[in-house]
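Notes for the one structure printed next.
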Amino acid sequence: MLKEELLSKGYKAYENDEIYVFWNPDLCVHAAECIRGNSEVFDVSRRPWVDVSKAPASEIAAIIDKCPSGALKYELK
Ligand code: SF4
């Protein structure tokens, strides 16, 4: 399963009923595409900084598709 694979590679996981979001701080290049996409889902001043309850899973997935580094990944449930 993608989740186990990514967790073993250092990704952190955030989830709700519709989507898993994974983030790897070692890969993040801080291009901020994610924050430009939706600053309520992705808010670096908050812990945890990813809140998947703030937008529909389809919107979150579309934003993650723009992450240039592969630091953000997702799996729809
Ligand atoms: S878009 Fe990807 S690389 Fe850029 S800040 Fe967000 S997670 Fe990091």
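Any read-out appearing in this document is the output of simple, stated calculations on the displayed coordinates, not a laboratory observation. Being a predicted model, the structure only gives us computed values, none of them experimental. Here the Cβ positions follow ideal geometry from the backbone for every residue, glycine too, while neighbour counts run over all protein chains shown.
Nearest 20 debye, what's the magnitude of the dipole of the chain about its Cα centre given +1 on Lys and Arg Cβ and -1 on Asp and Glu Cβ?
I would put it at about 200 debye.
Once both labels are modelled 7 Å past Cα along the beta-carbon direction, what's the Ala31-Arg47 spacing in nm?
If labels sit at Ala31 and Arg47, their model points lie 2.8 nm apart.
Starting with the fewest neighbours, write out Cys67, Cys28 ranked by other beta-carbon atoms found within 10 Å of each beta-carbon.
Listing Cys67, Cys28 from fewest to most nearby Cβ atoms yields Cys28, Cys67.
Name the residues whose placed amide hydrogens come within less than 5 Å of the amide hydrogen of Glu15, ignoring near sequence neighbours (fewer than 5 apart) on the same chain.
Val21
Name the residue from Ala61, Leu76, Trp49 whose Cα lies farthest towards the positive end of the charge dipole of the chain, charges +1 on Cβ of Lys and Arg and -1 on Cβ of Asp and Glu.
Highest projection toward the positive end goes to Trp49.
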